[in-house]
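Undergrad: Mind having a look at this structure? Questions to follow.
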Amino acid sequence: MSDCVLDESVILTDIEAKTKEQALETVAQNLVDQNLVKKSFIPAIIQREAEYPTGLPTNGVSVAIPHTDVKHVKTKTISLAILKHPVDFFIMGDGNNTTPVQLIFMLAMNEPNSQLSLLQKLMQIFQDEKTLTYIVNQKNKTDIKNLLKKKLGIT
């Protein structure tokens, strides 16, 4: 995971969004602006979320882990967005119920199998209510980056 971009440029705080689509577009557009993904990433991530929901009703703060095909990605990246107000995402594996997501971990992986070990590490974070609450209340992007890099084993 040492070749993965996770820095202040891909950590967004106080994001204003009324819908999951607005939230996803804001985060994805930032990745396009940083030249980390192709423009096709934006509609692809929104469409994939509609077909395969990624909302997780975790303790304390619900999260979403949207991702899409590797063909839309230039550089392996994990982007984090902290929403000012939660927006409803459909729950993963359940297209009928929603969860109020406040943290979006957008994954831009450039190899088909690279997300499995990352997802396992992310799940450890998602099961730690204290860590999620800390992230959602933290305004210092460097502190967030350092915490995530440590927990995900990124150098």
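Every read-out reported here was derived from the displayed coordinates using simple, explicitly stated rules and does not represent laboratory data. Remember, it's a predicted structure, so these values are computed and weren't measured experimentally. Heads up, the Cβs are rebuilt from the backbone with ideal geometry, glycines too, and the neighbour counts pull from every protein chain shown.
Undergrad: Label Asn137 and Asp14 with points 7 Å out from Cα along Cα→Cβ: what is the distance between them in nm?
TA: My value for the distance between the label points is 1.8 nm.
Undergrad: Could you work out how far apart the two model spin labels at Asp69 and Asn97 are, taking each label as a point 7 Å from the Cα in the direction of the beta carbon, and quote it in nm?
TA: Those two pseudo-labels are separated by 3.2 nm.
Undergrad: From the phi of every residue in the range 79-84, what ³J(HN,Hα) in whole Hz does the Karplus formula 6.51 cos²θ - 1.76 cosθ + 1.60 yield, where θ is phi - 60° and glycine or proline is x?
TA: Along the range 79-84, the couplings run 10, 10, 10, 9, 7, 4 Hz.
Undergrad: Continuing with this model, one more query. Give the percent of DSSP beta bridges with both residues in the chain that are antiparallel, rounded to the nearest 5.
TA: 60 percent
Undergrad: Which helices of the chain meet both criteria: a Cα extent of 30 Å or more along the helical axis and a mean Kyte-Doolittle score no lower than 1.6, with helices taken as whole DSSP H segments?
TA: Numbers: long enough: none.
Within the chain not a single helix satisfies the rule.
Undergrad: For Lys149 and Gln22, what does the FRET efficiency come to when R0 = 30 Å and r is the distance between their Cβ atoms, rounded to the nearest 0.05?
TA: 0.60
Undergrad: Further question: As a test of the formula, what do you get for the chain when each DSSP H run with n ≥ 4 contributes -39,500 (n - 2.57) and the sum is divided by the residue count, at 222 nm and rounded to the nearest 500 deg cm²/dmol?
TA: -11500 deg cm²/dmol
Undergrad: Here's something else I'd like to know. Explain nothing, just the number: relative contact order of the range 1-88, from Cα pairs under 8 Å at least 6 residues apart, as a whole percent.
TA: It rounds to 47 percent for the range 1-88.
Undergrad: Let me ask something else about it. Can you list residues from other chains, or at least 5 along the same chain, whose modelled amide H is less than 5 Å from the amide H of Leu12?
TA: Amide H neighbours of Leu12, under 5 Å, 5+ apart: Leu80, Ala81, Ile82.
Undergrad: Between [x] 32, 32, 27; [y] 46, 32, 28; [z] 42, 34, 29, which entry matches Cα extents along the principal axes in Å as derived from the coordinates of this structure?
TA: [x]
Undergrad: Next up: Compare Thr142, Thr13, Thr131 in a GNM of the chain, Cα atoms joined below 10 Å, and give the one with the largest fluctuation.
TA: Thr142
Undergrad: Step through the residues of the range 98-113 one at a time and calculate ³J(HN,Hα) from phi using the Karplus curve (6.51 cos²θ - 1.76 cosθ + 1.60, θ = phi - 60°), rounding each to whole Hz and writing x for Gly and Pro.
TA: The phi angles translate into 10, 9, x, 7, 10, 10, 10, 9, 8, 9, 10, 9, 9, 9, x, 9 Hz.
Undergrad: While we're here: With the cut-off at 23 Å, tell me which of the pairs Lys71/Lys149; Lys76/Lys150; Lys76/Lys145; Lys84/Lys139; Lys38/Lys121; Lys38/Lys76 have Cα atoms farther apart than that. Walk me through the intermediate numbers first.
TA: On the way: Lys71/Lys149 25 Å; Lys76/Lys150 17 Å; Lys76/Lys145 16 Å; Lys84/Lys139 11 Å; Lys38/Lys121 26 Å; Lys38/Lys76 12 Å.
Correct reply: Lys71/Lys149; Lys38/Lys121.
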